[in-house]
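Only one structure is covered here, and it is reproduced in the block below.
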Amino acid sequence: MAKLVFLGRLQSVAGEAERTVASGPLETVLAALEPDLSLALLDERVRFALNGTLLGDHGGIVLSPGDELAFLPPVSGG
């Protein structure tokens with residue numbers, strides 16, 4: 001199992017701060033989520049951090065048992 005972590009407004013969309021999911025390709029993991037949550041997570045402005053490391057590319061992510069994938073929404077401020 002792997003863990004998804006939802007930060008900021010994404011936590012509100014998910015209805016929880018984190019969720020345990022089956023390991024595997026990210027596309028498969030996202031397809032099993034609620035459609036509105038999947039769309040929010042795939043927003044081009046959302047950043048991904050796998051096991052604490054920010055990813056520059058979202059392609060080819062495969063979650064292994066014990067992995068943690070955090071979704072970081074865009075931050076506004078000034």
Output ³J(HN,Hα) for segment 23-38: one whole-Hz value per residue in order, computed from phi by the Karplus curve 6.51 cos²θ - 1.76 cosθ + 1.60 with θ = phi - 60°, and x for Gly and Pro.
-> 5, x, x, 4, 4, 5, 4, 5, 5, 7, 8, 4, x, 5, 5, 4
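Please give the peptides 27-35, 56-64 ranked by average Cβ packing (other Cβ atoms within 10 Å per residue), highest first, as a rough proxy for protection.
Numbers: 27-35: 13.2, 56-64: 11.7.
Final packing ranking: 27-35, 56-64.
For segment 2-52, what does the alpha-carbon gyration tensor say about shape, rounded, prolate or oblate, given a ≥ b ≥ c as the root eigenvalues, a/c under 1.5 as rounded, and a/b over b/c as prolate?
On the way: a/c = 1.26, a/b = 1.17, b/c = 1.08.
Cα axes put segment 2-52 in the rounded bin.
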Note the full-extension length gain between E27 and L55 as 0.36 nm times their separation in residues minus their Cα-Cα distance, in nm to one decimal.
-> 8.5 nm
Under Karplus coefficients 6.51, -1.76 and 1.60, residue-wise ³J(HN,Hα) of segment 7-18 in Hz, glycine/proline x = 10, x, 5, 5, 5, 5, 5, 6, x, 6, 7, 8
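Suppose the chain between V75 and R19 were pulled fully straight at 0.36 nm per residue; how much longer would it get relative to their current alpha carbon spacing? Could you put the intermediate results ahead of the total?
Numbers: separation 56, 0.36 × 56 = 20.16 nm, distance 2.21 nm.
This chain segment gains 17.9 nm when fully extended.
What share of the DSSP beta bridges in segment 4-78 is antiparallel, in percent to the nearest 5? Could you put the intermediate results ahead of the total?
Working: 11 of 14 bridges.
Bridges in segment 4-78 are about 80 percent antiparallel.
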Here, L39 and D67, labelled 7 Å along Cα→Cβ, have an inter-label distance in nm of 2.6
Which order do R45, R19, R9 fall in if you start with the one that has the fewest other Cβ atoms within 10 Å?
-> R45, R9, R19
Interchain or sequence-distant (5+) residues whose placed amide H lies within less than 5 Å of the amide H of S23 are A2
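The numbers here are math on the coordinates, done by the rules we state, and not lab data. Nothing here was measured: the structure is a model prediction, and the numbers come from that model. Methodologically, a virtual Cβ is constructed for each residue, glycine included, from the backbone with ideal geometry; neighbour enumeration extends over all protein chains shown.
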